Amino acid sequence: MGLFKGLRDFFRRSGDLAEGALNNAVDKMMTANEHTIRAQFRKVKEDLMKNYNAIKSSLSGLMVLRDQKVSDNEKLKERIDDLEKKKIGAVRLYNETQEFKYKDAFNEFSIRVESIKKIYDKNDQFIQSNSASIDKLKEQLYDLQSKLDQVKIQEDQTVADIISARQVEKINSSMSGITGDVNTDSLNVIEQARLKALARAKLAVEIGNGKTFSFEKELEKAGHSYDEEFEKLCQEEKAKASK
């Protein structure tokens, strides 16, 4: 369930998919081989990189324009400062000489300052607005970079999880036909053969012992008969000698 849910979340983050399309994407991922899985992730990464590069290009362009306006305003500020100094000079010279040419110069410098300030203010507004757009694009860029990093990590995790899940499924499937009831007929046959062999060996020993016993009894009997005969003869000879 964890892997299935993780894939659904992944496809949701990767794009706006309807519920049916979302389930279909997950099902395909679960039954695909490693190359197909990585191909799916590669497609997502390519789409993210396409957006990433587009935003990066726009961001670079806006930054160039902003930097250009900043540079223009620095130059305009220098011109304004220079004209303000000239205005003060014109006032001082007018006070000293009362000549109207200095007053006319003052008016001309003032008009030029106002014209330059309008350009300066327009550039400044552009810079402020542009900076806000740049900040938003940077946030989008950081977000896409984070998603790319997550996709790279999730790709390896997904492949490993799916392969592991299939291995577990394969092992469970192979174990499903195995039970404790094993046919031991062949072992029983072997055991019976072993018991018969032991019985035959025991019988052979008993038979052998029986023959030996009979032979020894026969000798014993014969021996006893000889002794009795010998003793009898000895007694008979002693009796003859005593007469």
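The values are calculated or read from the model by the stated rules, or taken from the named source; none is laboratory data. Everything numeric here is computed off the predicted structure, so don't read it as measured data. Cβ atoms come from the backbone with ideal geometry, glycine included; neighbour counts cover every protein chain shown.
In region 93-106, which residues are farther than 16 Å from Ile80 by Cβ, part of a helix (DSSP H, G or I) and of a type outside the set (A, V, I, L, M)?
Of everything in region 93-106, those that are farther than 16 Å from Ile80 by Cβ, part of a helix (DSSP H, G or I) and of a type outside the set (A, V, I, L, M) turn out to be Tyr94, Asn95, Glu96, Thr97, Phe100, Lys101, Tyr102, Lys103, Asp104.
Any chance region 69-92 includes a residue that's modelled with pLDDT under 95, in a helix (DSSP H, G or I) and among the polar types (S, T, N, Q)?
no
Could you list, ordered by first residue, the pairs with Cβ atoms under 7 Å in which the first is in region 51-78 and within 19 Å of Gln140 (Cα to Cα) and the second is assigned to a helix (DSSP H, G or I) and among the charged types (D, E, K, R), at least 6 apart or interchain?
Here the result reads Leu59/Lys138, each pair linking region 51-78 to a residue that is assigned to a helix (DSSP H, G or I) and among the charged types (D, E, K, R).
Over 30 Å from Thr36 (Cα atoms) and either in a helix (DSSP H, G or I) or modelled with pLDDT of 70 or more (or both): is that true of Glu229 in this structure?
It is true that Glu229 is over 30 Å from Thr36 (Cα atoms) and either in a helix (DSSP H, G or I) or modelled with pLDDT of 70 or more (or both).
Can you give me the number of residues within region 41-93 that are over 30 Å from Arg112 (Cα atoms) and of a type in the set (A, V, I, L, M, F, W, C)?
The total comes to 7.
Just wondering, is there one or more residues in region 151-158 that are among the basic types (Lys, Arg), surrounded by 13 or more Cβ atoms within 10 Å (Cβ to Cβ) and out of contact with any Gly (no Cβ under 7 Å at 6 or more places or on another chain)?
There is no residue in region 151-158 that is among the basic types (Lys, Arg), surrounded by 13 or more Cβ atoms within 10 Å (Cβ to Cβ) and out of contact with any Gly (no Cβ under 7 Å at 6 or more places or on another chain).
When you check Ser131 against the structure, is it assigned to a helix (DSSP H, G or I), in the same structural domain as Lys69 (by TED's automatic domain parsing) and surrounded by 13 or more Cβ atoms within 10 Å (Cβ to Cβ), yes or no?
Yes, satisfied.
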